[in-house]
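Bear in mind these aren't lab numbers, they're just calculated from the coordinates by the rules spelled out. Just so we're clear, the structure is a prediction, and the values are computed from it rather than from any experiment. Glycine also receives a Cβ, built like all others from the backbone with ideal geometry; neighbour counts cover every protein chain displayed.
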Amino acid sequence: MAVDPRDRAGSADGAVSGGDILVGYDGSADAQLALRWALDEGGRSGRPVRLAYVFEWMTVGDWLGPGVAPGVWPNETARRKVEELVRRAVADAARAHPDLDVTGEVYDGPPPLVLQERSAEAALLVLGSRGHGGFGGLLVGSTAVAVTAHADCPVVVVRAPAAPEDGPVVVGVDGSAQSLVALGFAAERAARRRVPLRALRAWSPPGTARSDSEREADETAAAERAAVEEALAPWRRSFPHLAATVEVTAGNPASLLVDASGGAQLVAVGTRGHGGLRGMLLGSVSQQLIQHARCPVAVVRER
């Protein structure tokens, strides 16, 4: 029996009712892309957008430079510049989206920990693929891995270039509970944007040399397709206009999803899976998507 993710989390994305869209913002070009994506999502969902700049003070053990004593920190001049940066970004966003509630805050502390804590009250956390300042080396270091792995809400990592407006939403489905939550998240986004939904199931064909191996492979593929269609059925009923397709393909899930990201608006995966998508978050699949996908990547979790 198919499980409707709304029965688990109260909504297609498992979001906190009334939660806002939290954007990791540091003024970098990639943070601007993330902010634009979040503002578009806020306009479609009606959720407020909150910018978060995480200001990590230098500690006593850090290098302060010649002749600089630890007692001079925190640097209030630097903090005022950061606050002004956030104020300008909020004002610009509010002018461009007058019907949207846009706010901003500057937080103190380690970026991974602060973002993880704030995600508990957010509907969605949006990050750029790279940053500077408070988010320096976001995707090449440990910050993105920690935030994506441990945030309490779905995380979207926005990558350049911008996705085409008519591109589909792609989701990896393997039948696990987390992938079903990702399926609902993807279906809702595709329905809002009135673009197609592509549900992909990667599987490994039987490694047998028997003469009937081809027939067994066809039967397995048909069973996999039927399972995905059953999981998709509640979302077809919820969104009658949704144009959804199911694709069952033998192959490596990371490669299939990265290839499918070309021309897509979004590719969504669960935090973990089994079968063809095992290790979706903590293994190589999510890492390859975050590093190589050619569109924004959503890592979706059940609260």
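Things to note:
- Gain in span if fully extended, GLU76 to THR103, counting 0.36 nm per residue against the direct Cα distance: 7.6 nm
- Residues ARG36 and SER255, FRET efficiency given R0 of 30 Å [Cβ-Cβ distance, rounded to 0.05]: 0.55
- Simple label model, 7 Å out from Cα along Cβ direction - ALA96 to ARG194, nm: 2.3 nm
- Length released on extending from ALA177 to GLU230, taking residue separation times 0.36 nm less the Cα-Cα span: 17.7 nm
- Placed amide H near ARG159: partners under 5 Å, 5+ positions off or other chain: VAL297
- Electrostatic bookkeeping for PRO196 treats Lys and Arg as +1 and Asp and Glu as -1; over the other residues with beta carbon under 15 Å from its beta carbon, the sum is +2.
- Once the Cβ-Cβ distance of GLU216 and HIS241 is raised to the sixth power relative to R0 = 35 Å, the FRET efficiency obtained is 0.40.
- Between the amide H of ALA244 and those of LEU197, distances stay under 5 Å, these residues lying 5 or more places away or on another chain, with hydrogens modeled in the peptide plane.
- The 3J(HN,Hα) values that the Karplus relation (6.51, -1.76, 1.60; θ = phi - 60°) gives for the range 252-268 are, in residue order, 6, x, 5, 5, 4, 6, 5, 4, 5, 5, x, x, 8, 7, 7, 10, 10 Hz. Gly and Pro appear as x.
- Neighbour cut-off at most 12 other Cβ (10 Å), DSSP loop, trypsin sites (Lys or Arg not before Pro), the range 179-263: ARG194, ARG210
- Per-pair calculated FRET efficiency, R0 = 45 Å: ARG44 and GLU84 via Cβ, rounded to 0.05: 0.90
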